[in-house]
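Taking it in order: structure first as structure tokens, then the write-up.
The values are calculated or read from the model by the stated rules, or taken from the named source; none is laboratory data. Note that this is a predicted model, so its numbers are computed, not measured. Positions of Cβ are generated from backbone atoms using ideal geometry, with glycine treated the same way; all protein chains shown enter the neighbour counts.
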Amino acid sequence: MHRKMTESLIFPRQGDKQNSDFFEEYLVRLLEERDHSGLTDIIHEIEAIMITVDPGHSIRYIGELSLMTPYHYLVTLESEDHWTHILRVDMNSPDFLVREVKDPSIQGVFRSLNEIYPIGMRKPNSRYMGEILRVDNLHEVVEKQKEREFRFFSQDQIRRMQLPGNLAISKPSPYTHNIVSYMERPLDQIRTYALGVSAIRDDVQEVYLAAKSMQKELGINDLIMPIDHLATRIYSQNREVAILEWLSLSSYYYWGSYDITDQNSSTNVTKSVHCPNEMQSPAKVFTANNTPYFVNHLEKLPSPTETFVRNYGPRLHHIALAVADGERNGMENIDYVVKQIASQGRDFLLDVIGSKDDGLKQIFSSASEHSSLIIEYVQRFGDFNGFFTKHNVAELTHAAGVEEELLEMQAESEITH
């Protein structure tokens, strides 16, 4: 029986950002070619996201995630130089893989991506690595992507990096510094990661259970939902090519771009063609300055996005989690969640912004001391299906920029002293 080919260009375009002729031409050509090659149909949702942290940080980070997210500690995979902790909500949303380097002196490609940036180098092993995508036929996907000139680590290199052996892993992107991995898995089988010795660690379990107990005591355990979107910051000149590269590696489509003139930046959204619900496969968002840093002294424009990239390198900036629509204790759910988490000493960069009339409310946490990642909470009201309003995203970008300026000043002070 002939199966109807997925069409990646049928989705309505959102936004007001003007793209180049190059982008518009190759968006069409690349997605048409991806559809005709069969890649769109055999590459599916995001199975997992991978994060690595410095020695001594993974257990506390799991405690932080267990309080602030719906994730549960599942198991730890131990290899010679790493622990990899698996966190899961269920099989309908992506796993978290939190990877800790045992020895601070260990070198590697992911560490090298941090070490040339003034703030990134302060936590040399702390970075978001990338996504694992589920595929129907691993060999076919890799061979077709190699024909399109994408490069992959060899199985021997994957073994030496102590990453799961059942993954095919791309070389880091020159535009985002992220990797994209593929894992073959029929939907009726559970996710497994071929790596090391598997065990439930008592010390991790203790921290996890304490955080979940607190989450329940605070009355927020049923309000925080899985990942809504993943937001990467990149250099201004790489905005279009980073989007096109990700679309070529995945089965996502281009949802659209908005110009955030107040912050001299744009927000660009891609979504899965297979999963209309972002909690099953999160949207991938790319944020970039409208102008490069070296014209700032002439234009006198804000530059929080480019400043972040210059300090940390191109990388994931925040993980957004959905908050259930509704109210609790006379407060909208997002306000209640933030109030309860703040009561445990967790800082946020600003007050909750937006309103029911706007269609959504949002807030950024301060950056994690363990992963450098920000958690965003977003509550949508009714049938609102966007990711932001222009006013909201301008305020969020500004607030994150203020914190990053303080970190930059601290880093410069440490260097001079």
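Points worth noting:
- Members of segment 26-71 that are surrounded by fewer than 17 Cβ atoms within 10 Å (Cβ to Cβ), within 30 Å of residue 340 (Cα to Cα) and of a type outside the set (Lys, Arg): 55, 56
- In a residue-by-residue description of segment 300-314, the property of being over 21 Å from the mean Cα position of the chain (by Cα), more than 22 Å from residue 233 (Cα to Cα) and outside the structural domain of residue 70 (by TED's automatic domain parsing) applies to no position.
- Taking the criterion of being without any contact (Cβ under 8 Å) to a residue 24 or more places away in the chain, among the acidic types (Asp, Glu) and under 20 Å from residue 57 (Cβ atoms), the residues of segment 186-217 that qualify are 202, 206.
- Subset of segment 240-264 [over 19 Å from residue 13 (Cα atoms) and touching a residue at least 60 places away in the same chain (Cβ under 8 Å)]: 249, 262, 263
- Matching residues in segment 246-264 - criterion: being within 20 Å of residue 177 (Cα to Cα) and among the small types (Gly, Ala, Ser): 248, 250, 251
- Subset of segment 241-269 [under 13 Å from residue 40 (Cβ atoms) and of a type in the set (S, T, N, Q)]: 248, 250, 251
- Annotation: residue 233 fulfils all but one of (1) under 27 Å from residue 123 (Cβ atoms); (2) in contact with an Asp or Glu (Cβ under 6 Å, 6 or more places away or on another chain); (3) part of a strand (DSSP E or B); the unmet one is (2).
- Where strands (runs of 3 or more DSSP E) sit wholly within segment 255-370, none has at least 2 residues that are surrounded by fewer than 19 Cβ atoms within 10 Å (Cβ to Cβ) and in contact with a strand residue (DSSP E or B) (Cβ under 6 Å, 6 or more places away or on another chain).
- Against the conditions (1) at pLDDT 95 or above; (2) in contact with a helix residue (DSSP H, G or I) (Cβ under 9 Å, 6 or more places away or on another chain), residue 199 satisfies every one except (2).
- Pairs are defined by a Cβ separation below 8 Å, a sequence spacing of at least 6 or placement on different chains, a first member in segment 218-231 that is in contact (Cβ under 8 Å) with a residue 12 or more places away in the chain and closer than 30 Å to residue 179 by Cβ, and a second member that is assigned to a loop (DSSP other than H, G, I, E, B) and among the charged types (D, E, K, R); the pairs so defined are 227/278; 228/278; 229/278.
- Top-ranked residue in segment 111-143 [being aliphatic (A, V, I, L, M) and closer than 24 Å to residue 100 by Cβ; ranked as surrounded by the fewest Cβ atoms within 10 Å (Cβ to Cβ)]: 116
Matching residues to (1) touching a Ser or Thr at 6+ places or on another chain (Cβ under 7 Å); (2) within 18 Å of residue 50 (Cα to Cα); (3) of a type in the set (Asp, Glu):
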| position | (1), (2), (3) |
| --- | --- |
| 161 | no, yes, no |
| 166 | no, yes, no |
| 195 | yes, yes, no |
| 203 | no, no, yes |
| 209 | no, no, no |
| 219 | no, no, no |
| 228 | no, yes, yes |
| 233 | yes, yes, no |
